[in-house]
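Notes to accompany the following structure.
Here, each number is a calculation from the coordinates, and none is a lab measurement. Not measured: the values here are computed from a predicted model. All Cβ positions, even for glycine, are placed from backbone atoms using ideal geometry, and neighbour counts span all protein chains on display.
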Amino acid sequence: MGWSHMPVLTARAVTKAYGLKPLFDQATFTIRRGEKVALLGPNGTGKSTLLRVLAGLEPLDSGGIDRRRDASILYLPQEPQLDPTSTPREIAREGLTLWHAAKSRYEEVSARIGNGEMSDALMTEQATLAEDVERLGGWSRDHEVDEILAHLGVRDVERPVGTMSGGERRRVALARILVAKPELAIFDEPTNHLDADTITWLEEYLVSEFPGAVLLVTHDRYLLDKVARRVFDLEDGRVAEYTKRNDSVGTFEDFLEQKAERFAQAERVESNRQNFLRKEIEWLRRGPKARSTKQKARIQRAETAIGAEGLRVRGEVELGGLEAGSSRLGGTILEALDVTLDLGERRLIENLTLRLVKGDRVGIVGPNGAGKTTLLRLVTGELSPTAGSIVRGVQTKIAYFDQARTTLRDDWTVLDNVTEREGSDRSGAGVVTIGDRVLEMRAYLELFLFEGPALRRKVSALSGGERARVALALALKTGANVLLLDEPTNDLDIATLGSLAELIESWPGCVLVVSHDRFFLDRVVTSILAFEGDGKVQQYAGNWESYRDYKREEEKAAKLLVRSASSPPSARRTGSAPPPPANTSSKAKPSKSLPAPPPPAPELAPRGPTRVRGSK
């Protein structure tokens, strides 16, 4: 077996249940060196529990896990626990502990050999230590700590992490794992609390520079497509494996095609089973006597088929039609007029003017801490601008889905949270009006996959994705016409994200959505509002990819200007960048020029910034 095919971890018939519910049953799989694997599955199926079990942090009910001897396995949970008195630099340097130990010991042994202490044992140890240093990342690694922290947006590397937000602490914990370069890195939603540009860097790093194996739970379609080559699909207690076979499509699309084929085969098997059952039940009803061995065997086969579990089809969140609950908009919907906001000595927003019209779906992007959530709090009225004004229309009704899900009460049940009163299971849950439809509250919650005993579960016992679904159900029942969504994709499974995207695309009102999910932004938004630093907040027409295209063209033009300014006068062309090289090919494509200057407000240019902007 080649080095790259050596197993790092093998799960053998692993089983884990909570109460009577099996999360995974007899799951068997292997992760080999350097493999990049995604673990997918609906919310609440046990993905995070499986990761903790594989990391050795939670016991199994049965089965076993074989880990390669001396293999380092590190785990990033959704809420990492860090020493609050340590700084980001100190914590990230912990990732170099093994490397420092191997390098220090190598230097010590080499010094002894250099002083004339020669022995076979020392020479062998020196060679082994040299291999360890190379395996752990090479001979010069101290610089990586600050570089990786900077790439992840951790700027204040000497500040105690106990004073940082949950998102900042998570980025520090991620940096420690990336610095350590373990044989297996296990990530639970690594893109949560990262901005879109940082996620782009992370996916490139995992593909090009991270040598170890990776097992990750993620809802980020672009990260999944770029990084993963295999998929473990956890559903109904079973883990099914899929290996990418078609490089002309993304990993997720390839997985869906294979899963559809597997499901079609299962449907055919189930159809054959049902036909067999009908015939055998008719035969049994005729009352055959089990006198012969053949008859006994046939009765046994029929009883086995009757008792066998049929094809299970899991429900999906169904948000289609909820847009009918959006109330009618007035002439003025929402306007930010020359808004400036200072927090302490820091200016987050300067002179932002933004007017929403019916059908606007604005994606808000920018680095962590830039002020994206703060803008939503200005819109709700929770904060007041330092200068300028926020105008809400008379008929504007806002629903706010906040990132921390603070609208939920952990000590209340799912039903109590959505009805907004404790004890609703006893006093009556009431109804929800969606356009012309009146739904019983329980029927409404079935759309979000909560029914029966699940309605009585305390929110504190739910997974992150289940909590997000409760918060969505609460926000969407209000009859709002303007949705404020702060990182709505965090924790949701991919199927639920698809349903949410369909709802937003058909929403008759307006949507402001803060999101780091590039696939989601490409699918649903009509413009991008970008926080670009020093208070500058600027709007661009189109989706995320249109915005990135514009910024790439802008960067290219800036480089051409710098090159032109630094070239000798004879090589310059007055007022323009150097001309492109001649191309006589009949198939030559025209050069891609910078988008034209923005037109007057309120129309959006096909590409590039609009005049609906804030700038210094």
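Look at the dipole of the chain built from charges on Cβ: of Leu178, Ala404, Leu485, the Cα furthest out on the positive end belongs to Leu485.
Ordering Val459, Gln395, Leu503 by Cα displacement along the dipole of the chain toward the positive end leaves Leu503 in first place; charges were set at the Cβ atoms of Lys, Arg (+1) and Asp, Glu (-1). Site pair Glu94 and Arg262 shows an inter-label distance of 3.6 nm when each label is modelled 7 Å from Cα along Cα→Cβ. Under a model in which nothing but the beta-carbon of Lys, Arg (+1) and Asp, Glu (-1) is charged, the chain shows a dipole of about 1940 debye around its Cα centre.
Bridgeable aspartates and glutamates around Lys16 (alpha carbons under 15 Å apart, same-chain partners fewer than 8 residues away excluded): Asp25, Glu58, Asp61, Glu235, Asp236.
When only Cα pairs below 8 angstrom with a gap of at least 6 residues are kept, the chain shows a relative contact order of 14 percent. Extension gain, Arg159 to Ser564, is 141.6 nm, computed as 0.36 nm per intervening residue step minus the present C-alpha separation.
Tell me the trypsin sites (Lys or Arg not before Pro) within region 63-152 that lie in a loop according to DSSP and have at most 12 other beta-carbon atoms within 10 Å.
Values: sites: Arg67, Arg68, Arg69, Arg89, Arg93, Lys103, Arg105, Arg112, Arg135, Arg141; in loops: Arg68, Arg69, Arg141.
Within region 63-152, the qualifying trypsin sites (Lys or Arg not before Pro) (loop, at most 12 other Cβ atoms within 10 Å) are Arg69.
Counting 0.36 nm for each residue step from Glu555 to Val249 and taking away their Cα separation leaves a gain of 107.2 nm. Think of each Lys and Arg Cβ as +1 and each Asp and Glu Cβ as -1; about the Cα centre, that makes the dipole of region 443-502 roughly 340 debye. Remark: region 103-249 carries a charge dipole of roughly 220 debye about the Cα centre, counting +1 on each Lys and Arg Cβ and -1 on each Asp and Glu Cβ. Positive end of the dipole of the chain (Cβ unit charges, origin at the Cα centre): among Gly320, Pro84, Thr526, the Cα lying farthest that way belongs to Gly320.
Per the helix-only calculation at 222 nm, which mean residue ellipticity applies to the chain, given -39500 (n - 2.57) for every DSSP H run of n ≥ 4 and division by its residues, nearest 500 deg cm²/dmol?
Working: 18 runs with 221 residues, N = 616.
Result for the chain, helices only: -11000 deg cm²/dmol.
In region 319-370, what GluC sites (Glu not before Pro) fall in a loop by DSSP, with at most 16 other Cβ atoms inside 10 Å? If you can, show how the numbers build up before the last one.
Details: sites: Glu323, Glu335, Glu345, Glu350; in loops: Glu345.
Hits after loop and neighbour filter: Glu345.
Taking mean projected area of the Cα convex hull in nm² as the quantity of interest, determine which of (i) 35.1; (ii) 43.5; (iii) 31.0 was computed from the displayed structure. Answer label, from the structure shown: (ii).
Explain nothing, just the number: relative contact order of region 378-536, from Cα pairs under 8 Å at least 6 residues apart, as a whole percent. Walk me through the intermediate numbers first.
Working: 175 pairs, mean separation 41.4, N = 159.
26 percent.
Length gained on full extension, Asp410 to Leu122: 97.7 nm, using 0.36 nm per residue less the C-alpha separation. For the peptides 75-87, 395-407, the ranking by packing is 395-407, 75-87, with the highest mean count of neighbouring Cβ atoms within 10 Å listed first. FRET efficiency for the pair Met6 and Thr433, taken as 1/(1 + (r/R0)^6) with r the Cβ-Cβ distance and R0 = 45 Å, rounds to 0.15. In summary, the helical segments of the chain meeting the span-like criteria, namely a full DSSP H run, a Cα extent along the axis of 15 angstrom or more and a mean Kyte-Doolittle hydropathy of at least -1.0, are 97-114, 120-135, 166-180, 196-208, 293-307, 464-476, 494-505.
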